[in-house]
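The values are calculated or read from the model by the stated rules, or taken from the named source; none is laboratory data. Keep in mind the model is a prediction, meaning the values are calculated, not measured. With ideal geometry, Cβ positions are generated from the backbone for all residues, glycine too; neighbour counts draw on all protein chains shown.
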Amino acid sequence: MRTIALRVARYRPEDETEPTMQEYEVPLREDWAVLDGLNHIKDHLDGTLSYRWSCRMGICGSCGMTVNGEPKLTCGTFLTDYAPGPVTVEPLRNFPVVRDLVVDISDFMGKLPTVSPWIVDSEDAAPAEGEHLQTPEELDEYQQYSMCINCMLCYSACPVYGLDQDFLGPAAIALAQRYNLDSRDHGAHQRVDVLSAADGVWSCTFVGECTTACPKGVDPAGAIQRYKLTAATESVKSLLMPWGRRSDLPRPSGADQDNNAWSREVR
Amino acid sequence: MTSYQPPMSLFWWLRRRSYFFFAVRELSSVFVAWFVVYLLLLGHAVASGEAAYREFVEWSARPWLLGLNLVALVFVVFHAVTWFRLAPQAMVVRVGGRRAPPLWVAAGHYAAWVVVSALVVWVVLA
Amino acid sequence: MAAPARRTRAEPLLWLLFSSGGVVAALFIPVLLLLFGVAIPLGWVSTPDHAHLLAVLQHPVTRVVLLGLCVLALFHWAHRFRYTLHEGLRLKRLGTLVEILCYGGAVAGSLISAYLLLWAW
């Protein structure tokens, strides 16, 4: 049987101060992804290897790792593409490594809710009025951004995030745009403070690697630049017509939102 | 919780090809600024009379300056190509309510580049 | 995450200057640099007549176009170079100093360009 060498990063914080590489020979089968190789190691060669995985079909977003230097979903990255090997498997870059191939994702998990990644209802449209209707054209506006599976490959590819972890980052901004561009959403004013902060879209220098790394075709880099254009247009409008209404970003309708800087400025 | 995170090296932009080309793209701005200086020197020579203009043209043929301007030309062309290539990703152009295909947006930018360049050549040389 | 995010007023305007500068730099600078930096010194095209260039330079439309080009290109440089220093050389802790140098340089260069193009020439 043909085999291929997997060079896997090991990090056992109780024994080591930095990661080391360990090599394993795994069967090279045409239908085996890198994740299958890791599962073979775990089941047959070395039960102490730690890594995250769940669905094996590119939906759960938990098996992201660095394969030969590139951020990849290991369930969709096939061993035969790397034959004759060896294949280097390391944890996702730009995240603290907890053990072996497992990284600490709490920074991303903390950032995600700050952009309200859900549909914010308008206050005057009560659910009793029935379902929200949407045309195919309105769906097209945001559908691409809704494909995000929170796998964090884009954060791993982003040098800006690697240099400064305060950066809100590609996926969080793309998800904010996914809701901003949804015709049913009325939450753009809630997201603007986080998105248009110095650590929001303005930190991005359009390296574009997030879009290259994304396994779902989301194009976070495009989402960020589009938001820059919207935010810049808005601020020019508010400079030229400080008294004017802004139309692009929906306004809150309730009077009880005065503590929100966006609504205060709009009025 | 103990965890390991190596600091990013000062030479992170050498780690991947795409990072390197990104660094080159960003450095093109230095040559954009150099061009402004060169343009103002040229304008000053033209405004100062025929003799000063001749002197400037002779000066511009010195090997070191010619070399600098050739390097600057490579960088500004790289700036232009990358800028127009990325433009459709950053802007959504609507034609009749529908989103124009990104290829059209890029083609429009390149067409504008050709038109402006032809216009400049015509104004300077005609 | 640190303190609650606050929107910045300057960044959108600086970004707008940067991107307008990027567009005009991409449209105008390659051809101008090819002509005056390479083709004319190397004799690929005949050196333009002085009287013709002076007439072009002193035309009001040229003055406005060149001033716009200089100002926007300088702000394009300032913004991009600021991030190059922040990220490429990891100088983010010197942020304010870098920003003063870059944008201050662009303002100074813009004033010089305006004086030359609208007044001196």
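Close contacts from the stretch B:10-23, counting a first residue that is without any contact (Cβ under 8 Å) to a residue 60 or more places away in the chain and a second that is surrounded by 15 or more Cβ atoms within 10 Å (Cβ to Cβ) and part of a loop (DSSP other than H, G, I, E, B), with Cβ to Cβ under 8 Å and a gap of 6+ residues or different chains, come to B:LEU10/C:ARG90; B:SER18/A:VAL207; B:SER18/A:GLY208; B:TYR19/A:VAL207; B:PHE22/A:THR205; B:PHE22/A:VAL207; B:PHE22/A:GLY208. Under the condition of being within 28 Å of C:THR47 (Cβ to Cβ) and within 20 Å of the chain's Cα centre (by Cα), the residues counted in the stretch B:79-123 number 11.
Scanning the stretch B:10-38 for residues that are over 14 Å from the mean Cα position of the chain (by Cα) and facing chain C (nearest Cβ under 7 Å) yields B:LEU10, B:TRP13, B:TYR38.
Rundown of residues vs (1) in a loop (DSSP other than H, G, I, E, B); (2) modelled with pLDDT of 95 or more, yes/no style:
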{"site": "A:GLU18", "(1), (2)": "yes, no"}
{"site": "A:LEU38", "(1), (2)": "no, yes"}
{"site": "A:LYS42", "(1), (2)": "no, yes"}
{"site": "A:LEU49", "(1), (2)": "yes, yes"}
{"site": "A:CYS55", "(1), (2)": "yes, yes"}
{"site": "A:LEU92", "(1), (2)": "yes, yes"}
{"site": "A:MET109", "(1), (2)": "no, yes"}
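Kindly establish whether A:VAL194 is hydrophobic (A, V, I, L, M, F, W, C), part of a helix (DSSP H, G or I) and within 10 Å of chain C (Cβ to nearest Cβ). For A:VAL194, the condition - hydrophobic (A, V, I, L, M, F, W, C), part of a helix (DSSP H, G or I) and within 10 Å of chain C (Cβ to nearest Cβ) - is met.
Set side by side, the residues A:VAL26, A:VAL67, A:VAL34 differ, and just one is farther than 25 Å from B:SER3 by Cβ and surrounded by 15 or more Cβ atoms within 10 Å (Cβ to Cβ), which is A:VAL26.
Look at (1) touching a Cys at 6+ places or on another chain (Cβ under 8 Å); (2) within 12 Å of chain B (Cβ to nearest Cβ) and you find that A:PHE95 fails only one, number (1). Looking at this structure, is A:CYS158 buried (at least 24 other Cβ atoms within 10 Å of the Cβ) and more than 27 Å from C:ARG82 (Cα to Cα)? No, not satisfied. The numbered conditions (1) under 25 Å from A:ASP140 (Cα atoms); (2) at pLDDT 80 or above; (3) of a type in the set (A, V, I, L, M, F, W, C); (4) more than 21 Å from the chain's Cα centre (by Cα) are all true for A:LEU249 except (2).
Scanning the stretch B:59-66 for any residue that is among the polar types (S, T, N, Q) and at pLDDT below 95 turns up nothing.
Of all the listed residues (A:VAL103, A:VAL115), the sole one being within 20 Å of A:GLN165 (Cα to Cα), within 14 Å of chain B (Cβ to nearest Cβ) and of a type outside the set (D, E, K, R) is A:VAL103.
Of all residues in the stretch A:11-24, none satisfies the criterion of being under 27 Å from the mean Cα position of the chain (by Cα) and away from chain B (no Cβ under 11 Å). For the stretch C:24-49, which residues satisfy the criterion of being facing chain B (nearest Cβ under 7 Å) and under 25 Å from B:GLY108 (Cα atoms)? The answer is C:ALA25, C:ALA26, C:LEU27, C:PHE28, C:ILE29, C:PRO30, C:VAL31, C:LEU32, C:LEU33, C:LEU34, C:LEU35.
Filtering the stretch C:76-85 for residues that are of a type in the set (Val, Ile, Thr), farther than 26 Å from A:LYS228 by Cα and in contact with a helix residue (DSSP H, G or I) (Cβ under 6 Å, 6 or more places away or on another chain) leaves an empty set. One residue stands out among those in the stretch C:9-18 that are facing another protein chain (nearest Cβ under 8 Å) and not charged (D, E, K, R): the one that is farthest from B:VAL36 (Cα to Cα), which is C:PRO12. For the stretch A:198-214, taking the residues that are farther than 24 Å from A:THR66 by Cα and among the hydrophobic types (A, V, I, L, M, F, W, C), the one that is surrounded by the most Cβ atoms within 10 Å (Cβ to Cβ) is identified as A:VAL201.
For the stretch A:2-23, the set of residues classified as exposed (fewer than 14 other Cβ atoms within 10 Å of the Cβ) and hydrophobic (A, V, I, L, M, F, W, C) consists of A:MET21 only. Can you tell me which condition A:ILE105 does not meet? The list is (1) crowded, with 18+ Cβ neighbours inside 10 Å; (2) touching a residue at least 60 places away in the same chain (Cβ under 8 Å); (3) farther than 24 Å from C:ARG7 by Cβ, and all the others hold. Condition not satisfied by A:ILE105: (2). Annotation: B:SER48 fulfils all but one of (1) farther than 26 Å from A:THR212 by Cβ; (2) hydroxyl-bearing (Ser, Thr, Tyr); (3) more than 10 Å from chain C (Cβ to nearest Cβ); the unmet one is (3). In the stretch A:147-164 there is at least one residue matching the filter, namely being in contact with a strand residue (DSSP E or B) (Cβ under 9 Å, 6 or more places away or on another chain) and of a type in the set (Ser, Thr, Tyr). When the stretch C:88-103 is limited to residues that are more than 8 Å from chain B (Cβ to nearest Cβ) and touching a Phe, Trp or Tyr at 6+ places or on another chain (Cβ under 8 Å), the one that is surrounded by the fewest Cβ atoms within 10 Å (Cβ to Cβ) turns out to be C:TYR103.
On the basis of being of a type in the set (A, V, I, L, M), touching a helix residue (DSSP H, G or I) at 6+ places or on another chain (Cβ under 6 Å), farther than 30 Å from A:ASP107 by Cβ and at the interface with chain B (Cβ under 8 Å from one of its Cβ atoms), does C:ALA106 make the cut? Answer is no for this residue. Among the residues of the stretch C:64-86, is any among the aromatic types (Phe, Trp, Tyr), away from chain B (no Cβ under 11 Å) and out of contact with any strand residue (DSSP E or B) (no Cβ under 8 Å at 6 or more places or on another chain)? Within the stretch C:64-86 (the criterion being among the aromatic types (Phe, Trp, Tyr), away from chain B (no Cβ under 11 Å) and out of contact with any strand residue (DSSP E or B) (no Cβ under 8 Å at 6 or more places or on another chain)), the answer is no, since none of the residues qualifies.
At least 2 residues being farther than 23 Å from B:GLU55 by Cα is the threshold, and among the helices (runs of 4 or more DSSP H) wholly inside the stretch C:1-96 those reaching it are C:10-33, C:60-83.
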